Amino acid sequence: MFGPFERAVAGRYLRARRGERFVSIIAIFSLVGIALGVATLIVVTSVMSGFQQELVARALGISGHLTVESYAGESITDYEPLVAKVRAIPGVVSVLPVIDGQVAISTESGGLRGALVRGVTQDGLRGLHDISDHVIAGSLDNFGGDDAIAVGAGIATLYRLHVGSQLTLISSQSTATPFGSIPRTRPYTVVAVFNAGLAEYNDQVVFMPLPMAQIFFQKPNAVSGVQIWIADPADADRIVAPLKEVFAGHNVILRDWRHQSDQLVNILQVQKDTMFIVLGMIILVAAFNVISSLIMLVKDKTADIAVMRTMGARAGAVMRIFLMCGAFVGVTGTAVGTALGLVICRNIVAIQRAIEDFTGGQVFDSRVFQLTQLPSTVDWGDVVRVVLLGLALAVLATLYPSWRAARTDPVEALRNG
């Protein structure tokens, strides 16, 4: 497509000579603009993809791929045979019966806030590796006591709790006394503090031994739900049918992992698409710089174009020369931006920590974004989209100046020159 003549002339035009510095500086700025736009777009889309995957993966690591919940505050009684049947379903890896209940928590230092108490067995809590592998104080060895609880790092920080501290739980369910009904309250001892990496669990969830939760919420030999992990999350539909057979006759709601976090995933996807459009404008602005630099180059080389046309160069050859000049800026800028974006994505956590150490602040609030460090997952499909966008805009930006160069009248150009 591009012959030796076109390549030689385009290469000479790309090398700045005395008196042509201004045009070359504009071309360099255009290249840098495309590179920065492509790099920014790759980093942002990778971070948004990381948010999606991290939030879903961590939430599923604690909540399960499938969840069976009792309807409208009812209980699943005689649950142990049901759990045994669920474990026997092919593809099921782990099953965890739980009791969930809303409470208010308070301490000796004062203050009152809502929280979720989740009753699980000691072995069940050890199986939640996002919790058991991230115990930052205390130990789960003492979780089996009759007054033991494990709290998240957010609750511990807010109430200045440590291992051995007392935390009072206040249930919305009342207890009948000779003086009337009063809220059920009981103090518990903190035996472990965990950091799940999700602010939702660090700030709101308190784990309690299942037998104690059954007593506190008055659900003897019953649970409020069953969490299920399967070997292949994509195989959830196949597991649903046998689960319905197991829980036939029980008033329960069955949810799979695709519906547990669908609202959050959809919001993040909308944000990701919006950021792609907004940040794509950076590349578009850089493409306009390519247009302006090529127009200036065409104007500067009008006499050269006239001489080449007079010597027999066709209009198509002239057009290809300036197409190559613009394409070089676009392709080089896109390549540099892609490499820069991938390097930043690979070192995003180190960059985050360096910025925080230098400024003394936070890059983002973990309580808002529910993660303690900036995630980044390179989605190669998104990278290809960004690269194609950069190349397409850069090539389109060269069409008009190149067409204008090809349309130059050699006679008129020589007369005016």
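The values are calculated or read from the model by the stated rules, or taken from the named source; none is laboratory data. Keep in mind it's a predicted model, so treat the numbers as computed, not measured. FYI the Cβ positions are ideal-geometry reconstructions off the backbone, even for glycines, and counts take in every protein chain you see.
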Of all residues in the stretch 308-320, which are within 15 Å of Ala8 (Cβ to Cβ) and touching a helix residue (DSSP H, G or I) at 6+ places or on another chain (Cβ under 8 Å)? Met308, Ala313, Ala317, Val318, Arg320
Options Met311, Met296, Met319; residue that is surrounded by fewer than 16 Cβ atoms within 10 Å (Cβ to Cβ), more than 16 Å from Thr40 (Cα to Cα), more than 38 Å from the chain's Cα centre (by Cα) and in the same structural domain as Arg404 (by TED's automatic domain parsing): Met311
Within the stretch 204-228, can you find the residues that are part of a strand (DSSP E or B), surrounded by 19 or more Cβ atoms within 10 Å (Cβ to Cβ), in contact with a Ser or Thr (Cβ under 9 Å, 6 or more places away or on another chain) and of a type in the set (A, V, I, L, M, F, W, C)? Val223, Val226, Ile228
Inside the stretch 81-105, the number of residues satisfying the requirement of being part of a helix (DSSP H, G or I) and either without any contact (Cβ under 8 Å) to a residue 60 or more places away in the chain or not assigned by TED's automatic domain parsing to the domain that holds Tyr188 (or both) is 3
Please list, ordered by first then second residue, the pairs with beta carbon atoms under 6 Å, 6 or more apart or interchain, first in the stretch 260-275 and outside the structural domain of Thr45 (by TED's automatic domain parsing), second assigned to a helix (DSSP H, G or I) and modelled with pLDDT of 75 or more. none
Please enumerate the residues belonging to the stretch 246-270 that are within 22 Å of the chain's Cα centre (by Cα), in a helix (DSSP H, G or I) and either modelled with pLDDT of 75 or more or of a type outside the set (S, T, N, Q) (or both). Trp257, Arg258, His259, Asp262, Leu264, Val265, Ile267, Leu268, Val270
Output the number of the condition that Arg17 fails; it satisfies all remaining conditions of (1) in a loop (DSSP other than H, G, I, E, B); (2) modelled with pLDDT of 70 or more. (2)
Kindly provide the set of residues from the stretch 119-162 that are within 13 Å of Ala192 (Cα to Cα), of a type in the set (Asp, Glu) and exposed (fewer than 13 other Cβ atoms within 10 Å of the Cβ), ordered by number. Asp133, Asp141
Return the residues of the stretch 335-352 that are of a type in the set (Val, Ile, Thr) and more than 24 Å from the chain's Cα centre (by Cα); say none if nothing qualifies. Val336
Could you check, for the stretch 230-251, whether at least one of its residues is surrounded by 15 or more Cβ atoms within 10 Å (Cβ to Cβ), in contact with a Ser or Thr (Cβ under 8 Å, 6 or more places away or on another chain) and aliphatic (A, V, I, L, M)? no
Identify the single condition in (1) closer than 14 Å to Val226 by Cβ; (2) surrounded by 11 or more Cβ atoms within 10 Å (Cβ to Cβ) that Leu116 does not satisfy, given that it satisfies every other one. (1)
Between Ala339, Ala350, which is farther than 19 Å from Gln52 by Cα and at pLDDT 85 or above? Ala339
The stretch 67-80, subset assigned to a helix (DSSP H, G or I) and hydroxyl-bearing (Ser, Thr, Tyr), residue surrounded by the fewest Cβ atoms within 10 Å (Cβ to Cβ): Tyr71
